[in-house]
Amino acid sequence: MNEKIDLNNIMNDVQQLINSKLVATIYLKGISPWWGGDYESKTSDHVDEHQIAGKLRWFLKTVYNRFCASDLTSYEEAEAFVSRFLGSTEGTSNYSFKVKDEKFSQSGVYFGLNRYKFVSLNKKDKNNYLPRDVVKMKLEIYRHNNTQYDKIIVEATLITLAYLGIGRGANRGFGRFVPENCNVKTGNSVCQKILYGDVLGAFNEFYSDFNKLNGCQKNNSWENSYVPVASDFNKKPLSYTECKTNNIVSILNCIQASVMKSTLKQLSFKISLKDPGPFIHTWIYGLPRQSKKEIIETTYSPGQSNKQQKKQKIMLGYVKNKEYEELRRQSMFVISPVVKNGRYFVCVLPFLSLLDNQDALNDLYHVGIHQNEPNKPHKVKILEVIQGINNLYPYEKTLASKNKDLSYGNGNLTNLINKYHSELVKNLNYCCNNPNSFFQNKSYLGNPGNLRSQSYFDGGKKI
């Protein structure tokens, strides 16, 4: 018996099933350029859902570490919690993310971005490496099985996109998206706070919802943790720096400049860019911070007066152990542009940990070259610098004394991290309020030949 199949009914049934799984549809726009890349570092024309899920996962683990975790020696406990609903290598995620209807625009003003110039160095088609403006996009969040976590997933996703960012340069202000409206099924209150630029309100409301759902009542301190814990705005109030410009290029360059050693030399220590700075602890702002330099190594044959010379490249900056091993550590500070009442602000969001940094100090060195000894690397152990042990040259000690809090932190790493947090806010504030004079003074930018240090071009997108 042949029966006709009604395709319309089947499609309706499928659509109803899809709609029943849809948790939220969020319409977003970019307030800072998207810079997600492929394996060649070229900028992608698609906002990657995996990057959204990955950053969301990391954020939720830091929140769990702050309010719930009993074991802060590793991510293991937080990972087990997040895996319940976002999956793991042993199980699939209960939530999926779908980005649709993206509309991009490309702007030549981003040629003026410090970070872009470094990434595109020696590349043939530099346009392929430019950040993109995301004019709009639609994000759909689906749930595969009924669960109690819908609200915190939506709220945490909104906070992740607005304040933590995705893609390359996310910790330094790139890849920020805010909702165009708050017509969402759940998480409406957090969405409204993000829409109006209320960073503190959005975080605190999410924290409250997270803790109610999970029955968490702890307030773990970063000083007792090997892993990052979410920002504690009760102990360290959130700092907003209002920018006197809506030029996003200038703002992103201020963010980048605020974590550079050249800026700390000029603003915080009042010393020359040519002066050595092993006592300036920019490793707190994240690694890698290395460069390579060619030196001439001179050796003498045993029993002979003839010297032999050979060229070799060495690593300068921060290295692990005496073998010049390169280091990578994510920054503990997320610096985020925020739009409030049509103006740009910048806020610093700390995700701190102490104990892992204490362990790292046991094997962290700074390697530098002095002008009067161009072929003799000067290596100092950072822990000994902080402790005031005599491993600095006399001239370096004189320079370090110009700001002892930032050089030594009274021998206490907790105090040192807090000092660099405050100094970061201070230098951001100075640059954001004096962007033209700051970048016109080329001395702030370091060696003109150093692409990491050239930062500012006129122009930029206005919101």
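Bear in mind these aren't lab numbers, they're just calculated from the coordinates by the rules spelled out. Computed from a prediction, not measured in an experiment: that's the story for all the values here. Positions of Cβ are backbone-derived with ideal geometry, glycine not excepted, and every protein chain shown enters the neighbour counts.
Shape of segment 147-295 from its Cα gyration tensor (a ≥ b ≥ c, root eigenvalues): rounded if a/c is under 1.5, otherwise prolate when a/b > b/c, or oblate? The shape class here is prolate.
Measuring between their Cα centroids, segment 371-426 and segment 164-217 lie 37 Å from each other.
Within the shell of other residues whose beta carbon sits under 9 angstrom from the beta carbon of V99, the net charge comes to -2, with Lys and Arg scored +1 and Asp and Glu -1. As a calculated quantity, the FRET efficiency between S83 and Y142 at R0 = 25 Å, using C-beta atoms, amounts to about 0.85. The GluC sites (Glu not before Pro) found in segment 139-197 that occupy coil by DSSP, while having at most 14 further C-beta atoms within 10 Å, are E180.
With an a/c value of 1.5 or above and a/b not larger than b/c for the gyration tensor axes a ≥ b ≥ c computed over the alpha-carbon atoms, segment 11-236 is described as oblate. Take the Cβ atoms of F111 and D71, set R0 to 51 Å, and the FRET efficiency comes out at 0.60.
Restricting attention to segment 110-145, which trypsin sites (Lys or Arg not before Pro) occupy a DSSP loop and are surrounded by at most 11 other Cβ atoms within 10 Å? Let's see the in-between values first.
On the way: sites: R115, K117, K123, K124, K126, R132, K136, K138, R143; in loops: K123, K124.
Hits after loop and neighbour filter: K124.
Cβ-Cβ distance of H50 and N127, R₀ of 22 Å, FRET efficiency by 1/(1 + (r/R0)^6): the value works out to about 0.35. Averaging the sequence gap over all C-alpha pairs within less than 8 Å and six or more residues apart, then dividing by the number of residues, gives segment 11-236 a relative contact order of 33 percent. In order along segment 148-163, phi translates into HN-Hα couplings of 8, 9, 3, 5, 6, 5, 5, 5, 5, 5, 4, 5, 4, 5, 7, 10 Hz, rounded to whole numbers, per the Karplus curve 6.51 cos²θ - 1.76 cosθ + 1.60 with θ = phi - 60° and x for Gly and Pro. Which of the three applies to segment 203-259, rounded, prolate or oblate, going by the alpha-carbon gyration tensor with a ≥ b ≥ c and a/c under 1.5 meaning rounded? Prolate, because a/c is 1.5 or more and a/b exceeds b/c.
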